[in-house]
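K.L.:
Would you mind keeping the following structure in view while I ask a few things?
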Amino acid sequence: MVVLITGASKGIGLALAKHFLAHKYQVFGTSRTGKISDIEHDQFTGFPLDLSTTESIHKAISYIKNKGISIDILINNAGIGPDLNAVEPEESTYRKTFEVNTTGTLFFTEMIIPFINKQGKIINISSKMGSIAMCTSSDSVAYRMSKAALNMYSKILANKLQGKPKVAIVHPGWVRTMISGDDTLGRLSTEESARGIFDFVTSNFENATFWNNENQSLIPW
Ligand SMILES: NC(=O)c1ccc[n+]([C@@H]2O[C@H](COP(=O)([O-])OP(=O)(O)OC[C@H]3O[C@@H](n4cnc5c(N)ncnc54)[C@H](OP(=O)(O)O)[C@@H]3O)[C@@H](O)[C@H]2O)c1
């Protein structure tokens, strides 16, 4: 079984890559440089993908095509949060956040679909901060909006693909990574988050759902 994980150089993506490798999957992982120094494993291959540039997305798709990779599970994990906890929106971080979390993820996904098995799965790592129904805060405007837009794309994609492959959105939990600039904050370790996501993907997966990995329940859109 082949899994492709974007943003596998650190944080949740790195832990996911290690967890899938431990379960005998062949794992392809991306980072902007293509270097993923924390994994040395004969079933692992890293290659470059920068979701903020069209050229990099095209090169990554060419790489997959030229290698003849047939993907069983795509995990769109790469994401940024430069305005996390900021009260006021700021234009450059807003544009950057959308470029990576929404626009880049959307066009990368559209281009990679032909290389995903019809019985496969697409998992978009979003956030409960992108839930409109749950939003009671006024901070992190770009991050929340980018994930809400990713959620809508995921739903549209699930409607379009009709289960071939299946699509779901996962909130990984509040995880101790550097996305917020302080990896001491968070309820879950990256390993705990990865374990839960693996169980969802391999056992509890439901098409067209928004899944909370923190308490194994559905999140309102
Ligand atoms: N941590 C949390 O509590 C939490 C909560 C909810 C949702 N999430 C979501 O979980 C996902 C992973 O977050 P994380 O906390 O593990 O963050 P992280 O530790 O900062 O890792 C982010 C990953 O994305 C990659 N990346 C950054 N910019 C990129 C770009 N322009 N193009 C392609 N890849 C890029 C990074 O690789 P390089 O820098 O090496 O290129 C890195 O591998 C994100 O989608 C995030 O929104 C996290």
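The values are calculated or read from the model by the stated rules, or taken from the named source; none is laboratory data. In this text, all values refer to a predicted model and were calculated from it rather than measured experimentally. A quick note on method: Cβ atoms are made from the backbone with ideal geometry, for glycine too, and the neighbour counts reach across all protein chains shown. The accessibility values were calculated without ligands, DNA or RNA, using every heavy atom of the protein model including side chains. Shrake-Rupley method; radii C 1.70, N 1.55, O 1.52, S 1.80 Å.
K.L.:
Of everything in the range 15-26 that's open to solvent by 20 Å² or more (accessible area, probe 1.4 Å) and not in a loop (DSSP other than H, G, I, E, B), which residue is farthest from His58 (Cα to Cα)?
P.N.:
Once the filter is applied, the top-ranked residue is Ala22.
K.L.:
Further question: Quick check on the range 68-77. Is at least one of its residues in a loop (DSSP other than H, G, I, E, B), of a type in the set (Gly, Ala, Ser), more than 8 Å from the ligand (Cβ to nearest atom) and within 22 Å of Phe205 (Cα to Cα)? If you could, list the steps in order and put the result at the bottom.
P.N.:
Initial filter on the range 68-77 (in a loop (DSSP other than H, G, I, E, B)): 68-70, 77.
Then drop every residue that is not of a type in the set (Gly, Ala, Ser), which leaves 68, 70.
Now drop any that are not more than 8 Å from the ligand (Cβ to nearest atom), which leaves 68, 70.
Adding the requirement that they be within 22 Å of Phe205 (Cα to Cα) leaves 70.
Within the range 68-77 (the criterion being in a loop (DSSP other than H, G, I, E, B), of a type in the set (Gly, Ala, Ser), more than 8 Å from the ligand (Cβ to nearest atom) and within 22 Å of Phe205 (Cα to Cα)), the answer is yes, since at least one residue qualifies.
K.L.:
What's the total number of residues in the range 130-149 that are hydrophobic (A, V, I, L, M, F, W, C), free of Cβ contacts under 8 Å to residues at least 40 places away in the same chain and more than 14 Å from Thr105 (Cβ to Cβ)? Step through it out loud before you land on a result.
P.N.:
So the first thing to find is which residues in the range 130-149 are hydrophobic (A, V, I, L, M, F, W, C), and the list is 132-135, 141-142, 145, 148-149.
Now drop any that are not free of Cβ contacts under 8 Å to residues at least 40 places away in the same chain, which leaves 135, 148.
Okay, now just the ones that are also more than 14 Å from Thr105 (Cβ to Cβ), so 135.
So the answer is 1.
K.L.:
Which of the following residues is under 18 Å from Asn213 (Cβ atoms) and either at pLDDT 95 or above or buried (at least 20 other Cβ atoms within 10 Å of the Cβ) (or both): Thr177, Thr109? First the steps, then the outcome.
P.N.:
On the way: Thr109 fails: under 18 Å from Asn213 (Cβ atoms).
None of the others qualify; the one that does is Thr177.
K.L.:
Among the residues of the range 115-124, is there at least one that is surrounded by fewer than 20 Cβ atoms within 10 Å (Cβ to Cβ) and aliphatic (A, V, I, L, M)?
P.N.:
No: the range 115-124 contains no residue that is surrounded by fewer than 20 Cβ atoms within 10 Å (Cβ to Cβ) and aliphatic (A, V, I, L, M).
K.L.:
To continue, here is another question. Can you say whether Ile57 is closer than 10 Å to Gly7 by Cα and either modelled with pLDDT under 95 or within 10 Å of the ligand (Cβ to nearest atom) (or both), as far as the supplied structure shows?
P.N.:
Details: closer than 10 Å to Gly7 by Cα: no; either modelled with pLDDT under 95 or within 10 Å of the ligand (Cβ to nearest atom) (or both): yes.
No.
K.L.:
Determine whether the range 150-166 contains at least one residue that is in a helix (DSSP H, G or I), surrounded by 20 or more Cβ atoms within 10 Å (Cβ to Cβ) and within 11 Å of the ligand (Cβ to nearest atom).
P.N.:
Checking the range 150-166: at least one residue is in a helix (DSSP H, G or I), surrounded by 20 or more Cβ atoms within 10 Å (Cβ to Cβ) and within 11 Å of the ligand (Cβ to nearest atom).
K.L.:
A follow-up question, please. Out of curiosity, is Asn101 outside any helix (DSSP H, G or I), within 13 Å of the ligand (Cβ to nearest atom) and either more than 19 Å from Leu157 (Cα to Cα) or free of Cβ contacts under 8 Å to residues at least 60 places away in the same chain (or both)? Walk me through it before giving the result.
P.N.:
Numbers: outside any helix (DSSP H, G or I): no; within 13 Å of the ligand (Cβ to nearest atom): yes; either more than 19 Å from Leu157 (Cα to Cα) or free of Cβ contacts under 8 Å to residues at least 60 places away in the same chain (or both): yes.
Against the criterion (outside any helix (DSSP H, G or I), within 13 Å of the ligand (Cβ to nearest atom) and either more than 19 Å from Leu157 (Cα to Cα) or free of Cβ contacts under 8 Å to residues at least 60 places away in the same chain (or both)), Asn101 does not qualify.
K.L.:
Among (1) near the ligand (Cβ under 9 Å from one of its atoms); (2) outside any strand (DSSP E or B), where does Gly29 come up short?
P.N.:
It is condition (2) that Gly29 fails.
K.L.:
Given Asp199, Asp182, which one is touching a Lys or Arg at 6+ places or on another chain (Cβ under 9 Å) and either open to solvent by 50 Å² or more (accessible area, probe 1.4 Å) or at pLDDT below 95 (or both)?
P.N.:
Values: Asp199 fails: touching a Lys or Arg at 6+ places or on another chain (Cβ under 9 Å).
Being touching a Lys or Arg at 6+ places or on another chain (Cβ under 9 Å) and either open to solvent by 50 Å² or more (accessible area, probe 1.4 Å) or at pLDDT below 95 (or both) holds for just one of Asp199, Asp182, which is Asp182.
K.L.:
Within the range 185-196, can you find the residues that are open to solvent by 20 Å² or more (accessible area, probe 1.4 Å) and out of contact with any strand residue (DSSP E or B) (no Cβ under 7 Å at 6 or more places or on another chain)?
P.N.:
Leu185, Arg187, Ser189, Glu191, Glu192, Arg195
K.L.:
For the range 183-211, what are the residues that are of a type in the set (S, T, N, Q) and either over 17 Å from the mean Cα position of the chain (by Cα) or more than 10 Å from the ligand (Cβ to nearest atom) (or both)? Write out each step before concluding.
P.N.:
If we filter the range 183-211 for residues that are of a type in the set (S, T, N, Q), which is where we start, we get 184, 189-190, 193, 202-204, 207, 209.
Result: Thr184, Ser189, Thr202, Ser203, Asn204, Asn207, Thr209.
K.L.:
Let me ask something else. Mind telling me which of the residues Gly46, Gly7, Gly13 ends up being without any contact (Cβ under 8 Å) to a residue 60 or more places away in the chain, touching a strand residue (DSSP E or B) at 6+ places or on another chain (Cβ under 7 Å) and not polar (S, T, N, Q)?
P.N.:
Gly46 is the lone residue from the list that is without any contact (Cβ under 8 Å) to a residue 60 or more places away in the chain, touching a strand residue (DSSP E or B) at 6+ places or on another chain (Cβ under 7 Å) and not polar (S, T, N, Q).
K.L.:
Checking Asn85 against (1) open to solvent by 30 Å² or more (accessible area, probe 1.4 Å); (2) at pLDDT 95 or above, which test does it fail?
P.N.:
(2) is the only condition that Asn85 fails.
K.L.:
Another question about this same structure. For the range 175-182, does any single residue satisfy the condition of being small (Gly, Ala, Ser), without any contact (Cβ under 8 Å) to a residue 60 or more places away in the chain and within 14 Å of the ligand (Cβ to nearest atom)?
P.N.:
Looking for residues that are small (Gly, Ala, Ser), without any contact (Cβ under 8 Å) to a residue 60 or more places away in the chain and within 14 Å of the ligand (Cβ to nearest atom), one finds none in the range 175-182, hence no.
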